[in-house]
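Here's the structure we're looking at; comments come further down.
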Amino acid sequence: MTASTTGGLFDVFEERPSQVYGRYGDYVNHRFERVIELIGFDKVFTRAEGAWIWDQDGNKYLDFLGGYSVFNVGRNHPRVKQALIDWLQRDGASMVQMECSPLAGMLGEKLAQLTPGELNTTFFTNSGSETAEVGLKMARKATGKPRILYTDLGFHGLTYGAISVSDDEMWRKGFEPFVPGATKIPWDDLGALERELAKGDVAALITEPIQGEGGVRIPSDDYLPEALRMLHRAGALLIVDEIQTGFGRTGRWWASNHWDLEPDIMLLSKGLSGGYVPVGAVVTHRRIFDKVFEDLAHAVVHTTTFGMNAMAMTAGLATIEVMEGGGVVEHCASVGAELTSRLQALASRFEMVKEVRGKGLMIGIEFGEPKSLTLKAGWKLLHRANAGLFGQMLAIPLMRDHGILTQVAGHNMDVHKLAPPLVIGPEEIDYFVNAYEQTLVDLHKFPGPLWDLGTTLLKNRMSW
């Protein structure tokens, strides 16, 4: 699309960052604009390909954030892009509403082939949070029971049902009361699950197979399979949130595959459309679906305006085609193992690195209090003042000095999370590991420039 056909719409990408961010601050979210400026991420990005992004000055950045695990097949994949162009050029009829979408039927069939066991019926949504909402509604209606169990440090979205089963005070504070019947239990604790199930009123347990916002936490090998058996004995369901872990992120199509798990309800989103169009999917057994949409009068007891729009369905079908044809999942398993191994070898040299863990290209690097007196003093001082700033002492220099975009796993966590596109190769791995090594070297110099950065961040935080 050219400027002539859009009336100069994209001329905005030629404006300087101060003008772009000023307008965003004035009319969208001035608090977020200020945060981005303070951490030095205030760039105007104009182009992206694969695992790389360019700003308007031609500077190149390696994307190890992946749009929060959205761009699994890489940014602007040409096959997905062409599929969307082809649809637009058809001038097709989308969202007629009083119809059964051909593309939705195709995508539903494909998901039934890919998901575990007898999961064979899909309800399409627009986002991860909405997907969680639908899963919760299904569980209550299908079982006739009121309570939903969720785990500590779990995260399922920020709409009211989703936030009611998510565990982070930063997200929750001030928005009470939450949806009734949500009960938190410890993660990876079968005894706690058993005690709640004994009360006889549990509809479902909702959990991520590997916690993302919780710091890339991986459960014990028997936790999820045994939890499923316990739930079924109690007449309850297992809702597995694969919104972040799905579509190859952990080196399998679904993280559930690592434990040969067949949940009752699987929540999908993020990587489904290749990053082009918002889309989500709830995949379940027909027997559960039929308890919700129980007769012709209830055929649309839950519905959504945009959920089966043709652009989303087209992008989903094209993305799956790319993943299957290009061996993306197998590639992720291979490069993920290599990156994790190299990071673990690197970590052994640095006392503040406590653990490197993950599966595929969902990797967490956890830091802990050092033993040497000078570093320990700096660690304690910073954490006593503000527990959430340490992670930024890694993310900021990686961006500023090396052009690498990363994130902290969650609020007030000393866990650095890596979620690059699954198409990275030797070039990206070498670039990242070399940059990370230099950042760790600088981090272990106290006093030093990164600890000065921590002091600056603390001063800025006090002014917020």
task = Using the structure shown, decide if residue 266 is farther than 30 Å from residue 430 by Cα, crowded, with 18+ Cβ neighbours inside 10 Å and under 22 Å from the mean Cα position of the chain (by Cα).
result = yes
Of the residues in segment 372-404, those that are over 20 Å from residue 460 (Cβ atoms) and in contact (Cβ under 8 Å) with a residue 24 or more places away in the chain number 6
Of the residues in segment 406-445 that are outside any helix (DSSP H, G or I) and small (Gly, Ala, Ser), the one that is farthest from residue 171 (Cα to Cα) is 425
Taking segment 364-392 and keeping residues assigned to a loop (DSSP other than H, G, I, E, B) and not hydroxyl-bearing (Ser, Thr, Tyr) leaves 368, 369, 370, 371, 386, 387, 388, 389, 390, 391
Just one listed residue, out of 47, 16, is within 23 Å of the chain's Cα centre (by Cα) and basic (Lys, Arg), and it is 47
- Query: Does residue 437 meet the test of being surrounded by fewer than 18 Cβ atoms within 10 Å (Cβ to Cβ), touching a residue at least 60 places away in the same chain (Cβ under 8 Å) and either closer than 27 Å to residue 271 by Cβ or out of contact with any Phe, Trp or Tyr (no Cβ under 7 Å at 6 or more places or on another chain) (or both)?
  - Reply: yes
In the set 395, 318, 297, 312, the lone residue that is under 30 Å from residue 96 (Cα atoms), in a helix (DSSP H, G or I), of a type outside the set (S, T, N, Q) and in contact with a His (Cβ under 9 Å, 6 or more places away or on another chain) is 318
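Computed from the coordinates by the stated procedures, all read-outs in this text should not be read as laboratory data. For clarity, every value in this text was computed on a predicted model and none was experimentally measured. Counting neighbours? That spans all protein chains shown, and the Cβs are built from the backbone with ideal geometry, glycine included.
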